[in-house]
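The values are calculated or read from the model by the stated rules, or taken from the named source; none is laboratory data. Bear in mind that the values here come from a model prediction, so they are computed numbers and not experimental data. Backbone-built Cβ (ideal geometry, glycine too); neighbour counts: all protein chains shown.
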Protein chains: 2
Amino acid sequence: MRRTVLALIAGIALTTPALAQQELHGGATGAPQINKDRTVTFKIEAPKATEVTLRLDGQPDTPMKRGNNGLWTLTTSPLKPDLYRYNFVVDGVKTLDNDNVYTMRDVATVMSMFIVDDDKATCPFAVHDVPHGTVAQVWYDSPTLKMKRRMTIYTPPGYEESRQRLPVLYLLHGSGGDETAWLEQGRTAQVLDNLIAAGKAEPMIVVMPNGNIDEQAAPGSTAAGLITPTFNHKQWMDGGFELSFKDIVTWVENNYRVAASKRKRAIAGLSMGGYHALYISANNPTDYGYVGLFSAAITPRKEVKSTIYENLEEKIREQFDQRPRLYWIGIGKDDFLYEDNKKFRSMLDSNRLGNKYKYHESTGGHEWRNWRDYLVEFASIIFK
Amino acid sequence: MRRTVLALIAGIALTTPALAQQELHGGATGAPQINKDRTVTFKIEAPKATEVTLRLDGQPDTPMKRGNNGLWTLTTSPLKPDLYRYNFVVDGVKTLDNDNVYTMRDVATVMSMFIVDDDKATCPFAVHDVPHGTVAQVWYDSPTLKMKRRMTIYTPPGYEESRQRLPVLYLLHGSGGDETAWLEQGRTAQVLDNLIAAGKAEPMIVVMPNGNIDEQAAPGSTAAGLITPTFNHKQWMDGGFELSFKDIVTWVENNYRVAASKRKRAIAGLSMGGYHALYISANNPTDYGYVGLFSAAITPRKEVKSTIYENLEEKIREQFDQRPRLYWIGIGKDDFLYEDNKKFRSMLDSNRLGNKYKYHESTGGHEWRNWRDYLVEFASIIFK
């Protein structure tokens with residue numbers, strides 16, 4: 001805490017809390033201001049600036065308007081209920097909103113964030129007054145990779161007090177992500193809390209591992225120090241993660257109360273994570289009852305040689321012979337992986353599997369907005 | 001992820017990763033630049049700015065120097081190994097360092113952060129190449145407060161695979177804090193990982209509850225939405241947290257492998273949390289073998305009436321009759337609670353308890369720098 005502020009507060013507070021409340025309370029309504037009509041008002045004080053723009057998710061950069069006392073403001077048109085990220089750009093310098101403590105990291109970029117809920121307060125990404133699950137960051141042993149690695153595990157409300165064995169969804173991040181991505185950007189805990197409370201999803205454990213096999217954990221959480229996160233890894237999409245994945249399943253099934261059967265085991269991922277989900281499930285055709293490919297990468301890099309990626313068509317036929325309960329493919333119309341996915345679906349169709357998978361085509365491209373929606377959709381179907 | 005960037009990266013990466021590495025890798029060394037002599041170099045690009053200053057923990061605001069192309073820089077004198085927070089102020093607008101994704105929230109202020117390690121890489125606040133414990137955010141039931149509430153629990157490396165019952169440290173935050181404060185600002189997981197690996201601390205569970213009884217969890221983690229964190233609470237330091245504390249102990253002892261005895265139970269806290277630790281332990285004289293008061297508030301507000309705060313001297317005598325194994329009081333010379341603590345020690349001394357407690361006086365004031373140090377000290381002594 002900044003010494004002066006705390007000293008002041010605590011000093012006053014011990015004697016005259018009413019005064020403290022009047023003079024020091026900055027207002028707890030949060031920033032930006034979300035209006036009743038779902039327009040959103042942004043403001044930033046920058047008296048010396050000549051140009052201030054708002055950079056908001058899904059919108060072109062928009063100039064803000066200078067008012068009295070150097071306060072720049074902007075009110076949007078009504079926004080649809082969702083999670084949004086934004087920055088201000090003040091005379092060319094990108095800044096967060098200092099009145100908003102809620103931020104979101106995307107690879108090496110940090111943005112301010114807010115949520116527009118709907119009129120009935122049912123936006124699945126917001127925290128509602130429902131029972132909440134536990135979120136743990138655990139370190140597991142990977143004998144295959146010869147390292148301890150971190151993963152994030154969500155257990156549903158009541159897990160600690162129960163004796164029930166639960167189904168598990170393995171949920172994999174994309175390139176540039178890590179074991180924090182689905183939790184932070186995907187809002188997995190909020191989505192699951194809300195779906196379970198509404199009776200739309202079965203209580204389940206969600207395991208979010210780190211898919212970058214050259215690191216033990218997210219940047220900042222290893223002895224490498226407070227390094228800048230990057231898309232680039234020494235090893236990636238080379239079959240190594242898929243080969244080591246059994247270490248994760250083993251650790252989870254040994255240390256959590258898990259229903260360890262195909263009917264109670266799902267795997268899904270976005271982009272690189274979809275690629276991982278595709279090949280892990282294809283190489284272990286009897287293991288996963290539910291598979292979700294969210295904007296999945298499909299085609300291995302040319303220089304990669306791994307048995308994991310050989311004979312995909314044959315493996316897929318074997319996998320479908322085992323009758324997965326759900327094979328779910330979701331992608332946005334504008335996704336740069338759309339064509340790759342189209343070819344993959346053609347391959348499935350040509351193997352007479354056209355009615356054996358579920359295809360979900362959305363608007364938009366390769367973006368978290370879609371992946372959060374796909375999680376809501378997928379989590380609502382599995383384990384039923 | 002920003003669509004354009006990801007599409008670019010993923011598109012390139014699937015075909016020519018070498019190119020991606022050369023052109024898109026921003027360098028993974030992190031910002032700011034920590035030099036070998038422990039000076040630190042800061043930089044920010046602000047071509048249109050007329051004044052840029054650095055606001056760094058423990059230093060007066062310092063003007064940065066404008067260089068070519070609008071790059072402002074500043075190199076500090078050598079800094080002692082520790083954790084530091086900072087902001088840039090660009091023409092009066094406070095900004096984070098956009099090249100640094102590591103931030104720290106203190107009540108309603110977000111700052112960039114970095115760590116200066118020592119030459120032997122033993123700074124207890126940095127992540128080192130040692131086994132790591134699990135960090136969980138769990139929801140427990142508080143029948144006393146009639147709500148579900150969140151707390152943060154650290155379990156040491158190997159907890160999951162072991163059958164051993166472990167000692168527990170209950171670690172309480174100050175005014176303006178919540179169940180995330182000790183984890184984030186106190187670096188509790190890093191401190192414990194490092195001390196345990198070095199054989200300086202016993203493996204222990206650390207329970208970090210939320211001491212604000214008018215909220216279920218930290219701001220942003222409840223149905224109240226993404227509200228601005230505040231020092232002000234409807235209920236605080238009124239005896240309610242102390243009265244409900246048994247719910248926390250009960251839940252922990254029911255759901256974790258805990259050695260549930262006085263010799264294996266410690267309680268400590270900073271500021272308001274020290275006040276809580278003081279009164280919880282005094283009102284339960286047979287429960288806590290180790291008590292830590294870090295810059296503790298001592299004197300209740302005049303308008304508060306609670307049996308919890310009555311007859312402190314008598315309760316303290318009874319508590320010391322039960323021979324706590326450690327009663328530790330730490331405070332900085334410049335702390336605004338110094339006099340209050342001095343009176344408390346005089347009271348202990350006048351009860352012939354002068355040699356029954358351990359007193360640690362540091363430099364500095366009411367600040368996290370001290371509380372992190374006190375945690376290192378306290379955690380190294382208890383349960384031995």
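Things to note:
- Restricting region B:48-70 to residues that are more than 30 Å from B:Thr363 (Cβ to Cβ) and modelled with pLDDT of 95 or more, the residue that is nearest to the other protein chains (Cβ to nearest Cβ): B:Lys48
- Filtered by the rule that a residue be not in a loop (DSSP other than H, G, I, E, B) and not aromatic (Phe, Trp, Tyr), region A:351-364 gives A:Lys358, A:His360, A:Glu361, A:Ser362.
- Residue in region A:146-169 that is among the aliphatic types (A, V, I, L, M), under 30 Å from A:Thr39 (Cα atoms) and under 17 Å from the mean Cα position of the chain (by Cα) present: no
- In region A:288-306, the count of residues that are in contact (Cβ under 8 Å) with a residue 12 or more places away in the chain, away from chain B (no Cβ under 14 Å) and more than 20 Å from A:Tyr170 (Cα to Cα) is one or more.
- Just so you know, in region B:283-307 the residues that are under 26 Å from the mean Cα position of the chain (by Cα) and not in a loop (DSSP other than H, G, I, E, B) include one that is surrounded by the most Cβ atoms within 10 Å (Cβ to Cβ), and it is B:Gly292.
- Residues (loosely packed, with under 15 Cβ neighbours inside 10 Å and among the acidic types (Asp, Glu)) located in region A:47-86: A:Glu51, A:Asp61
- Meets criteria (surrounded by fewer than 17 Cβ atoms within 10 Å (Cβ to Cβ) and either among the basic types (Lys, Arg) or under 25 Å from A:Val101 (Cβ atoms) (or both)) for B:Lys94: no
- Of everything listed in (1) under 16 Å from A:Trp139 (Cβ atoms); (2) in contact (Cβ under 8 Å) with a residue 40 or more places away in the chain, the single unmet condition for B:Ala136 is (2).
- Some residue of region A:172-193 being in a strand (DSSP E or B), closer than 22 Å to A:Ala260 by Cα, under 13 Å from the mean Cα position of the chain (by Cα) and of a type outside the set (S, T, N, Q): yes
- Residue within region B:190-202 that is touching a strand residue (DSSP E or B) at 6+ places or on another chain (Cβ under 7 Å) and under 20 Å from B:Pro124 (Cβ atoms) present: yes
- Residue pairs whose Cβ atoms lie under 6 Å apart, sitting 6 or more positions apart in sequence or on different chains, and linking a residue in region B:39-61 that is over 24 Å from B:Asp118 (Cα atoms) to a partner that is surrounded by fewer than 13 Cβ atoms within 10 Å (Cβ to Cβ) and acidic (Asp, Glu), are B:Thr53/B:Asp61.
- The lone exception for B:Leu96 - which of (1) under 17 Å from the mean Cα position of the chain (by Cα); (2) outside the structural domain of B:Ala198 (by TED's automatic domain parsing) it fails: (1)
- Taking the criterion of being out of contact with any Asp or Glu (no Cβ under 9 Å at 6 or more places or on another chain) and more than 11 Å from chain A (Cβ to nearest Cβ), the residues of region B:71-111 that qualify are B:Thr73, B:Leu74, B:Thr75, B:Thr76, B:Ser77, B:Leu79.
- Any chance A:Asp118 is surrounded by 15 or more Cβ atoms within 10 Å (Cβ to Cβ), within 27 Å of the chain's Cα centre (by Cα), of a type outside the set (A, V, I, L, M, F, W, C) and at pLDDT below 95: no
- Scanning region A:103-110 for any residue that is under 24 Å from A:Thr230 (Cα atoms), of a type in the set (D, E, K, R), in the same structural domain as A:Thr228 (by TED's automatic domain parsing) and in contact (Cβ under 8 Å) with a residue 24 or more places away in the chain turns up nothing.
- Positions within region B:222-247 being closer than 29 Å to B:Gly158 by Cα and either without any contact (Cβ under 8 Å) to a residue 40 or more places away in the chain or surrounded by 21 or more Cβ atoms within 10 Å (Cβ to Cβ) (or both), in sequence order: B:Phe245
- Test: A:Ile248 is of a type in the set (Val, Ile, Thr) and within 9 Å of chain B (Cβ to nearest Cβ): no
- Residues that are in contact with a Leu (Cβ under 7 Å, 6 or more places away or on another chain), assigned to a loop (DSSP other than H, G, I, E, B) and under 30 Å from B:Pro156 (Cα atoms) were ranked within region A:112-147; the one that is nearest to the other protein chains (Cβ to nearest Cβ) is A:Gly133.
- With respect to the stated conditions, A:Ala31 fails to be surrounded by 15 or more Cβ atoms within 10 Å (Cβ to Cβ), touching a His at 6+ places or on another chain (Cβ under 9 Å), within 30 Å of B:Val52 (Cβ to Cβ) and at pLDDT below 95.
- Test: residue in region B:309-324 that is touching a Phe, Trp or Tyr at 6+ places or on another chain (Cβ under 6 Å), in contact (Cβ under 8 Å) with a residue 24 or more places away in the chain and either under 29 Å from B:Val258 (Cα atoms) or surrounded by 24 or more Cβ atoms within 10 Å (Cβ to Cβ) (or both): no
- Looking only at residues in region A:340-364 that are farther than 24 Å from A:Val376 by Cα and without any contact (Cβ under 8 Å) to a residue 12 or more places away in the chain, the one that is nearest to the chain's Cα centre (by Cα) is A:Ser346.
- Checking A:Gly186 against (1) at pLDDT 95 or above; (2) surrounded by fewer than 23 Cβ atoms within 10 Å (Cβ to Cβ), the condition it does not meet: (2)
- Taking region B:99-115 as the range and being of a type outside the set (A, V, I, L, M, F, W, C) and under 21 Å from the mean Cα position of the chain (by Cα) as the test, the residues that pass are B:Asn100, B:Tyr102, B:Thr103, B:Arg105, B:Asp106, B:Thr109, B:Ser112.
Conditions (1) surrounded by fewer than 20 Cβ atoms within 10 Å (Cβ to Cβ); (2) on the phi < 0 side of the Ramachandran plot; (3) among the hydroxyl-bearing types (Ser, Thr, Tyr), marked per residue:
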{"residue": "B:Asn351", "(1), (2), (3)": "yes, yes, no"}
{"residue": "B:Tyr357", "(1), (2), (3)": "yes, yes, yes"}
{"residue": "B:Asp373", "(1), (2), (3)": "no, yes, no"}
{"residue": "B:Phe383", "(1), (2), (3)": "no, no, no"}
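- Cβ pairs under 8 Å, 6+ apart, first in region B:167-185 and more than 11 Å from every other protein chain (Cβ to nearest Cβ), second assigned to a loop (DSSP other than H, G, I, E, B) and of a type in the set (Val, Ile, Thr): B:Pro167/B:Ile382; B:Leu169/B:Ile382
- Residues (part of a loop (DSSP other than H, G, I, E, B) and either within 13 Å of chain A (Cβ to nearest Cβ) or within 16 Å of B:Ser175 (Cα to Cα) (or both)) located in region B:365-384: B:Gly365, B:His366, B:Glu367
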